[in-house]
């Protein structure tokens, strides 16, 4: 009988383990597809898209050609055909300089005589954003190679799901809790297998992710109700009811809470699954309990770093709002429970709870899935300190080379 090597890549999962993994994940996939079919909105229920410009107006690309008039505030601009025109001043909050390329609304067909025919709409950002996207793609390809390309393909398919199913379903008034679960599960099936390949290790991470998503969705459903998250605290909430009467703002807020935790959840589950497999490779004789204990030490470090990552991601995105709240003379508790902040606080806390719970769940699943201790492996160590697998953890942390 062939024996496992003392070091190296662990063998594949046992046929029995593979069978159970396949059965569970195929059942989850079928349930996801059934939910997709049941929640797919009828075209008649999806509201028509709102025109981007008013009747009698048009969009034009212009370049600022000089300083604003100090009396009227009128800004000289050059049209794409080389002709000159004038733009109404957008105010001090939008400083314009010579050479700025902007998109303006031509209101000459509806404006009163003597009024500048162009109104500022937005800056033209297509070129810098395109350059950033190209740089991002090149960096990912250079570092991660084909796996990075597969991950970007998975990201593209995820946005296809969001634009083709999630948003139309929410606008049509479909059950937001179900839409959140179907969207997140379908995206995880696509992105994980595309980025990491079809293997027991990836399947373990996927199963842990699905469990984490279910926990996150359940906690989000309770928290959004208990905290009275209404989804009416931003500008979009005043626009949606008139354009999409069937849309449930509370449900959309709930769906947003679930989807917000999806990416970080995927990160920690694939890391934990990989950690268990790598630990088995460097310690083929370790028991499953020792693998779990060592992988959880890695997981606790991941929790410590990811929790404040989520928090600071929100701080960076909502810094102007937080500054406005800081200017108001009120207690921190009142500020954090105000409508503008409470939704983001709940989203951050729910996502963090789901993340923390997913780590031991995924680690336990991976520990049960990875091949068992090698028959000729070294006996388990019994150090006096609580770190049962210090050599293994040190090898993992330092990236020590493995021999076969």
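Read the figures in this text as sums done on the coordinates, not as results from a lab. None of these values were measured; they are calculated from a predicted model. Neighbour counts run over all protein chains shown; Cβ positions are idealised from the backbone, glycine included.
Over the stretch 174-224, consider all pairs of different Cα atoms and compute the Kirkwood hydrodynamic radius from their mean reciprocal separation; express it in Å, one decimal.
Result for the stretch 174-224 stands at 11.6 Å.
Would you compute, from DSSP H runs of 4+ residues alone, the mean residue ellipticity of the chain at 222 nm, taking -39500 (n - 2.57) per run and dividing by the full residue count, rounded to the nearest 500?
Helices in the chain give a 222 nm mean residue ellipticity of -20000 deg cm²/dmol.
Hey, with R₀ at 25 Å, roughly what FRET efficiency would residue 226 and residue 155 work out to, going by the Cβ-Cβ distance, to 0.05?
0.15
Using the alpha-carbon atoms, what tilt in degrees (0 to 90, nearest 10) does helix 15-39 show relative to the longest principal axis of the chain?
Helix 15-39 and the main axis of the chain meet at about 20 degrees.
In percent, how large is the relative contact order of the chain, given Cα pairs closer than 8 Å and 6 or more residues apart?
That works out to 22 percent.
Given an 8 Å cut-off on Cα distances and at least 6 residues of separation, report the relative contact order of the stretch 58-126 as a percent.
Normalised by residue count, the contact order of the stretch 58-126 is 33 percent.
Just to confirm the number: angle between the C-alpha axis of helix 262-282 and the first principal axis of the chain, 0 to 90 degrees, nearest 10?
That works out to roughly 30 degrees.
Given R₀ = 56 Å, what would the calculated FRET efficiency be for residue 357 paired with residue 100, taking r from the Cβ atoms and rounding to 0.05?
After rounding to 0.05, the efficiency reads 0.70.
Would you mind giving the three semi-axes, in whole Å and largest first, of the ellipsoid equivalent to the stretch 97-233 according to its Cα gyration tensor?
After diagonalising the Cα gyration tensor, the semi-axes are 40, 27, 12 Å.
Who wins for biggest fluctuation among 302, 196, 86 in a Gaussian network model of the chain, springs between alpha carbons below 10 Å?
Judging by the Gaussian network model, the answer is 86.
Report the label-to-label distance for residue 162 and residue 315 in nanometres (one decimal), using points 7 Å from each Cα along the Cα→Cβ vector.
Result for the modelled spin labels: 2.5 nm.
For the stretch 165-295, what's the relative contact order in percent, using C-alpha pairs closer than 8 Å and at least 6 residues apart?
Relative contact order comes out at 34 percent.
Between Rg and the Kirkwood Rh of the stretch 228-279, both from Cα atoms, what is the Rg to Rh ratio?
Taking Rg over the Kirkwood Rh, I get 1.31.
Quantify how much of the Cα-Cα distance distribution of the stretch 195-248 extends past 14 Å, in percent.
I get 70 percent for the Cα pairs in the stretch 195-248 exceeding 14 Å.
How high is the FRET efficiency from residue 29 to residue 144, r the C-beta distance, R0 35 Å, rounded to 0.05?
The computed FRET efficiency comes out at 0.85.
May I have the extent of the alpha carbons of the stretch 17-148 along their three principal axes, as whole Å values ordered from largest to smallest?
78, 46, 28 Å, listed from the longest principal axis down.
Per residue, how big is the convex hull of the stretch 58-126 when only Cα atoms are used? Give it in Å³.
Cα convex hull per residue, to the nearest whole number: 92 Å³.
What is the distance, in nm, between label points placed 7 Å from the Cα along the Cα-to-Cβ direction at residue 14 and at residue 45?
Spacing of the two 7 Å Cα→Cβ label points: 4.6 nm.
Under the Kirkwood approximation applied to all pairs of distinct alpha-carbon atoms, what is the hydrodynamic radius of the stretch 230-323 in Å?
Kirkwood hydrodynamic radius for the stretch 230-323: 16.7 Å.
Which whole-percent values make up P(r) of the stretch 309-370 when all C-alpha to C-alpha distances are grouped in 5 Å steps starting at zero?
Once binned at 5 Å, the Cα pair distances of the stretch 309-370 give 4, 15, 20, 18, 12, 9, 7, 6, 4, 3, 1, 0.
Compute the acute angle (0 to 90°) between the alpha-carbon long axis of helix 200-226 and the principal axis of greatest extent of the alpha-carbon atoms of the chain; round to the nearest 10°.
50
Per residue and in cubic angstrom, what volume does the convex hull of the Cα atoms of the stretch 158-303 have?
It comes to 120 Å³ per residue, whole-number rounded.
What does the convex hull of the Cα atoms of the chain come to per residue, in Å³, rounded to a whole number?
Taking the convex hull of the Cα positions in the chain, it is 203 Å³ per residue.
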